[in-house]
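Below: the structure, in structure tokens.
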There are 2 protein chains.
Amino acid sequence: MTQTGIPKPKTAEETSQLIKVALGDEKADLAVINAKIVNVYTGEILEDQSVTVKGEWIAYVGQNAEGSIGPQTDVIDARGQTVIPGLIEGHTHIAWLYSAYEFLKHVIPGGTTTIVTETFEVYPVSGYDGVVDFLESLKEQPIKIFGTAPAMISTSQAARGVPPATLEKLLDRDDVLGLGESYWQAVLQEPDRILPLYEQTLAAGKTLEGHSAGAGDKKLAAYVGCGISSCHEPINADQVLDRLRMGLHIMIREGSIRRDLEEIARIKDKDIDLRRLILSTDGVEPEDLLEKGYLEFVLQKAIDCGFDPVAAIQMATLNVAEHFSLDLLVGGIAPGRYADMVIIPDVQTIKAQWVISKGRVIAREGKILVSPRRHTYANRSLNSVKLLRDLEPADFSLHVEEETGSITVRIIDMVTDLVTAELKTQWPIIEGQLQPDIHQDVAKVSAIDRTNQPGKAFSGLIKGFGLKSGAMACSAAWDTPDIIVVGVDDTDMACAVNRIHALQGGAVVCDKGQILAELPLPVFGIISDLSIEEIAGQLKQIKRAATDLGVCHPDPLLTLITLTGAAIPYLRICEEGLVNLKDGQTRPLVAS
Amino acid sequence: MTQTGIPKPKTAEETSQLIKVALGDEKADLAVINAKIVNVYTGEILEDQSVTVKGEWIAYVGQNAEGSIGPQTDVIDARGQTVIPGLIEGHTHIAWLYSAYEFLKHVIPGGTTTIVTETFEVYPVSGYDGVVDFLESLKEQPIKIFGTAPAMISTSQAARGVPPATLEKLLDRDDVLGLGESYWQAVLQEPDRILPLYEQTLAAGKTLEGHSAGAGDKKLAAYVGCGISSCHEPINADQVLDRLRMGLHIMIREGSIRRDLEEIARIKDKDIDLRRLILSTDGVEPEDLLEKGYLEFVLQKAIDCGFDPVAAIQMATLNVAEHFSLDLLVGGIAPGRYADMVIIPDVQTIKAQWVISKGRVIAREGKILVSPRRHTYANRSLNSVKLLRDLEPADFSLHVEEETGSITVRIIDMVTDLVTAELKTQWPIIEGQLQPDIHQDVAKVSAIDRTNQPGKAFSGLIKGFGLKSGAMACSAAWDTPDIIVVGVDDTDMACAVNRIHALQGGAVVCDKGQILAELPLPVFGIISDLSIEEIAGQLKQIKRAATDLGVCHPDPLLTLITLTGAAIPYLRICEEGLVNLKDGQTRPLVAS
């Protein structure tokens, strides 16, 4: 019996001890007394409550805890304060920029005690072993971190899908709760490839995390009918309502990638059942983490936006736990659950005075009291940029058959900083090559496989990126095994990519053969080993350097790395070519 | 991969077809159009909705179904009517009196399309093979019936517990959702015996169904801390609230064993979150089934008691599905769910005009349109009364060591028709024996093992049963492998038991050597092969005969068979002796 719908429950021996403490036959390790407690099951705020804890678990909640409190019991008198369950983040991306070790230092003081993260960033660049190494880095931490298996919806045909045997090994893990976000277009375009993975996941009793951006009505129904049970993509109250009505759990995003809470909060006036509404970040970048904090910021904002505070707390605790069938373990303050609690001044004020996780006080008044575990990554995780040689400027040439004249090409056209369209246009041929043209804001863009077929590359043209000089590259190209680089000079493009090769991962801005700014990402080529503060500092320099070179987007690095992404409409690039997400097909630069 | 947190999801091929129908690329098999739909996810009633169905599953719900409706599509125009999800019964006892075949004839017209039943009645008398045969009788029926594994909390030491290997085989089945009700006293008294079964169940991703009658505060917390996730035992709003606060799903009982809905309905005024409240019958006897119907009666009554109709419908659909993690399959009208729908006049009137289950119309206007499957039981299921010989009157003698005088004995004292206490009193010895005394309303009571050690028996005395003459026996003695018999005449006691032996199961009333009334129960000795109407008729005769013989309780048979039960306080009997449920220990008739 290896499959478990929920992570490992406590042992019979641990339960035995809980019984004794609940009955008063043994003393608790920890007690929180005289508290107001937010009961997320009933939606009440109960007065004069005590909670007793044995080991990692809650033994008793109520008004008669005295018999279980002895001289060895640590007692927290919470008179005048309010206790809420530890917060649960249901959808985030830890495998980007920071290590769990650094990340947790900034998460723990805010009161988040359970996190579910995607892992798909790791899979295309480091495979199953990489995902396992990443998951191991999340284990034995002061809070609980679960993962979802990579669905590998990729622009790259070679990187698409996960072999069933690999998925089985991942789903077999107690710390993997489901199959991570798999974009709706993919399953409707390639049901034969995707549906068996869905079937396998559901048969293992685990969830299918959704991504239904842009789907509505029939397409949304078709997608939901596949067994999808969540979506974190709706951006307004109407889209949320459409999805709740189909039975999805909806994660309202308020993080670095999008901030939709204020808009979606209008749903509070619709008098509907909110049990399937969830607060989530979908990832927080270092600067936001330092400035705003983590999920506690989202919860506070939900309250400030007018959600009933108890309903908002449910949206960050019980509702998330129920979605993942974790509600016997986390999500509420009740016997048998992990002793995960946050003591706050009052239900309107999400400012953690005490954070208790697995029965241990891990933060007080914004100060962390424990050290996260620093993971030793496997050697191969630290050597994931497998280029066989440094690149030459000539590797970025765009040769065509003719020597002169012009030719119809497909250009990636930036519509917003993230959304792109296909621009078919005539482009001049100069000595048998196509060249960028800064006057028309057209640069070169290349995607270079650094993993599966190292060095396999595709180059094309991009309009509206803004670059006037130099090049910018990154080894964390979304959904692919690629390095992505945009440049107006072949030498700088080679320089940036070669620097990434030397660093075994990173983000680099080059101009005139000089490195202007860089952030090393030695772990899988996507994660730094620096502190959050240092990462934030380097990112600022990268942004400044890119902006100085003309890039006109608010977050140049994000704009760069999403060029390979499989979920944002609609003309993308990978090492195989241009990819039109409307049909998922790969296309060449030259249009026939 | 054999474990599944949820029953088998649809195949990739079925899902492929759903996608096509949702998109309008293929035609639906069935469509319900122009309906009001109760959306249990959001709590809304939506107008002008259509539902399309392919095979057993819902493909699309919304306002744009036309493209999926073709000439071959069966169309139900539900204009002016309301569609609700098929009702889900979360806790019942089918393994008593009627076969699934007969039972379903009376359940289906009311709109119940999913049932979860206990199986523990079968286990002590027919073991694992019996439980499997019983579960097989529930399969391939017009509606879905799931079971819970027997927890085997028994008064009989020999019958207590289920071997882990047996439990594993049962939990491994897709149609077994959890471990059935296991009374709280047992786990607090014998944690070493019970907790490993709990651990095993939770590790399989399945639920622990609870039974917390009489537990409060600390004891309730101790029990809940073991991982219990439901209880169907509270009898008033305060007990319900106590349990909801601990995170339990609470099933409000309104059936033949208890009717608590009216009392518990007061909870509607408390302004609490009702997401964990569930409507249930806990079993309906033949007469009630004929007169009142099944779960639809409970739902109607909940509405009549003042629950908001949509909240009440959630309590009989989504809330139940969520408790069992079945909500991707049933509980709401959404893409990918089983096409289980009930068309009613309006949300206040739970009168099924159409019942649709797994995409098929199975009832209209109270008339069933399909035939349930009649199961062929295994031979050994039909030969479960394994007595090696007929009993003699002398087998019921109560011998003591002395010849005359008196002796202190423990007498089962009926406090209500179900609750008993221990009466310690002096009892006269007549020729070395103890005799019943109808003037003091004291009869003999015997429990005779018919399974494990056939013929092993224990006899004692019972006060307050009412019997003035004859004897009454039944082979369906709760929680044990026993035949239970109460009598004031040894010959009649032997006659009743021997008749049960001859019938291979039944309930029998004898007087002066004559059978006054009987109901054969040939399947496992607990289930009849008669129609519900015939069973109700025989039960009436048994009741009349028992009442004529002086039994003063409203349901003499129920009072008889619960004498061996392990959950109702507090002095019980089994083949091993008297059992004091306060400590679970077995005691002799003669008090030291």
Notebook entry, point to check: What number goes with the only condition from (1) surrounded by 22 or more Cβ atoms within 10 Å (Cβ to Cβ); (2) in contact with a Ser or Thr (Cβ under 9 Å, 6 or more places away or on another chain); (3) of a type in the set (D, E, K, R); (4) in a loop (DSSP other than H, G, I, E, B) that B:ARG253 does not pass?
Noted result: (4)
Notebook entry, point to check: How many residues are farther than 21 Å from B:PHE120 by Cα and among the hydrophobic types (A, V, I, L, M, F, W, C) if we restrict to the stretch B:545-570?
Noted result: 5
Item checked: Residue ID - nearest to the other protein chains (Cβ to nearest Cβ), chosen from residues in the stretch A:1-10 that are open to solvent by less than 60 Å² (accessible area, probe 1.4 Å) and either closer than 11 Å to B:LEU202 by Cβ or at pLDDT 70 or above (or both) -> A:GLY5
Notebook entry, point to check: Pick from A:LEU248, A:LEU220, A:LEU244, A:LEU289: which is within 14 Å of another protein chain (Cβ to nearest Cβ), crowded, with 24+ Cβ neighbours inside 10 Å and more than 18 Å from A:MET315 (Cβ to Cβ)?
Noted result: A:LEU220
Margin query: Condition first: β-branched (Val, Ile, Thr) and in contact with a Leu (Cβ under 8 Å, 6 or more places away or on another chain). Now tell me which residues in the stretch B:231-247 satisfy that.
Written below: B:VAL240
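Here are some residues: B:ALA394, B:ALA473, B:ALA447, B:ALA443. Which one is under 25 Å from B:ALA517 (Cα atoms) and in a helix (DSSP H, G or I)? I'd like the intermediate steps shown before the answer.
Numbers: B:ALA473 fails: in a helix (DSSP H, G or I); B:ALA447 fails: in a helix (DSSP H, G or I); B:ALA443 fails: in a helix (DSSP H, G or I).
Checking each option against the conditions leaves just B:ALA394.
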Margin query: Can you report the number of residues in the stretch A:21-50 which are under 18 Å from B:TRP184 (Cβ atoms) and either within 8 Å of chain B (Cβ to nearest Cβ) or among the acidic types (Asp, Glu) (or both)?
Written below: 4
Notebook entry, point to check: If a residue has to be closer than 30 Å to A:GLN453 by Cα, within 24 Å of the chain's Cα centre (by Cα) and outside any helix (DSSP H, G or I) to count, how many in the stretch A:364-388 make the cut?
Noted result: 7
Check: When the residues of the stretch B:174-199 are filtered to those that are over 24 Å from B:PRO569 (Cα atoms) and in a strand (DSSP E or B), which remaining residue is farthest from the other protein chains (Cβ to nearest Cβ)?
Finding: B:VAL176
Notebook entry, point to check: Does B:VAL125 fit the bill of being within 14 Å of chain A (Cβ to nearest Cβ), closer than 30 Å to B:GLY283 by Cα and β-branched (Val, Ile, Thr)?
Noted result: no
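Within the stretch A:16-32, can you find the residues that are part of a loop (DSSP other than H, G, I, E, B) and open to solvent by 40 Å² or more (accessible area, probe 1.4 Å)? Walk me through how you get there before you give the answer.
Looking only at the stretch A:16-32, we keep the residues that are part of a loop (DSSP other than H, G, I, E, B), and these are A:24-29.
The answer is A:ASP25, A:GLU26, A:LYS27, A:ASP29.
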Check: All but one of (1) assigned to a loop (DSSP other than H, G, I, E, B); (2) open to solvent by 10 Å² or more (accessible area, probe 1.4 Å); (3) closer than 21 Å to A:MET414 by Cβ hold for A:SER459; which doesn't?
Finding: (1)
Margin query: I'm told B:ILE407 meets every condition in (1) surrounded by fewer than 21 Cβ atoms within 10 Å (Cβ to Cβ); (2) on the phi > 0 side of the Ramachandran plot except one. Can you identify the failing condition by its number?
Written below: (2)
Next item on the list: Kindly list the number of the only condition in (1) more than 19 Å from A:PRO372 (Cα to Cα); (2) open to solvent by 10 Å² or more (accessible area, probe 1.4 Å); (3) among the hydrophobic types (A, V, I, L, M, F, W, C) that fails for A:ALA35.
Entry: (2)
Notebook entry, point to check: For the stretch A:200-217, does any single residue satisfy the condition of being more than 8 Å from every other protein chain (Cβ to nearest Cβ), small (Gly, Ala, Ser), assigned to a helix (DSSP H, G or I) and closer than 19 Å to A:SER154 by Cβ?
Noted result: no
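Would you mind finding the one in A:LEU519, A:LEU530 that is modelled with pLDDT of 95 or more and not in a loop (DSSP other than H, G, I, E, B)?
Exactly one residue qualifies, and that residue is A:LEU519.
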Notebook entry, point to check: Where residues in the stretch A:343-360 are of a type in the set (A, V, I, L, M), more than 26 Å from the chain's Cα centre (by Cα) and assigned to a strand (DSSP E or B), which of them is farthest from A:VAL75 (Cα to Cα)?
Noted result: A:ILE344
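crowded, with 18+ Cβ neighbours inside 10 Å, at pLDDT 95 or above and over 16 Å from B:ASP74 (Cβ atoms): is that true of B:ALA363 in this structure?
No, not satisfied.
Confirm whether B:ALA494 is touching a Pro at 6+ places or on another chain (Cβ under 8 Å), surrounded by 24 or more Cβ atoms within 10 Å (Cβ to Cβ), part of a strand (DSSP E or B) and of a type in the set (Gly, Ala, Ser).
no
If a residue has to be within 9 Å of chain A (Cβ to nearest Cβ) and open to solvent by less than 40 Å² (accessible area, probe 1.4 Å) to count, how many in the stretch B:163-173 make the cut? Walk me through how you get there before you give the answer.
Initial filter on the stretch B:163-173 (within 9 Å of chain A (Cβ to nearest Cβ)): B:168, B:171-172.
Filter once more, so that each one left must be open to solvent by less than 40 Å² (accessible area, probe 1.4 Å): B:171.
Residues that pass the stated criteria total 1.
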Check: Any idea which of (1) without any contact (Cβ under 8 Å) to a residue 40 or more places away in the chain; (2) within 14 Å of chain A (Cβ to nearest Cβ) is the one B:ILE115 doesn't satisfy?
Finding: (2)
Check: How about the stretch B:304-319: which of its residues are surrounded by fewer than 20 Cβ atoms within 10 Å (Cβ to Cβ) and either under 21 Å from the mean Cα position of the chain (by Cα) or part of a helix (DSSP H, G or I) (or both)?
Finding: B:ASP304, B:VAL310, B:ALA311
Margin query: Suppose the filter is at pLDDT 95 or above, out of contact with any helix residue (DSSP H, G or I) (no Cβ under 7 Å at 6 or more places or on another chain), aliphatic (A, V, I, L, M) and open to solvent by 60 Å² or more (accessible area, probe 1.4 Å); does B:ILE438 pass it?
Written below: yes
Check: Filtering the stretch A:58-85 down to residues that are facing chain B (nearest Cβ under 10 Å) and crowded, with 23+ Cβ neighbours inside 10 Å, which residue is farthest from A:LEU318 (Cα to Cα)?
Finding: A:SER68
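Test B:VAL330 against the stated conditions and say whether it is part of a helix (DSSP H, G or I) and either within 14 Å of another protein chain (Cβ to nearest Cβ) or open to solvent by less than 10 Å² (accessible area, probe 1.4 Å) (or both).
Considered against the rule, which asks whether it is part of a helix (DSSP H, G or I) and either within 14 Å of another protein chain (Cβ to nearest Cβ) or open to solvent by less than 10 Å² (accessible area, probe 1.4 Å) (or both), B:VAL330 comes out as no.
Filter the stretch B:223-237 down to residues that are within 11 Å of chain A (Cβ to nearest Cβ) and in a helix (DSSP H, G or I) and give me whichever is surrounded by the fewest Cβ atoms within 10 Å (Cβ to Cβ).
Per the criteria, the residue is B:TYR223.
The values are calculated or read from the model by the stated rules, or taken from the named source; none is laboratory data. This is a predicted model, so every value here is computed, not measured. All Cβ positions, glycine included, derive from the backbone under ideal geometry; neighbour counts span all protein chains shown. Areas reflect the complete protein model, heavy atoms only, side chains present, ligands, DNA and RNA absent. Shrake-Rupley method; radii C 1.70, N 1.55, O 1.52, S 1.80 Å.
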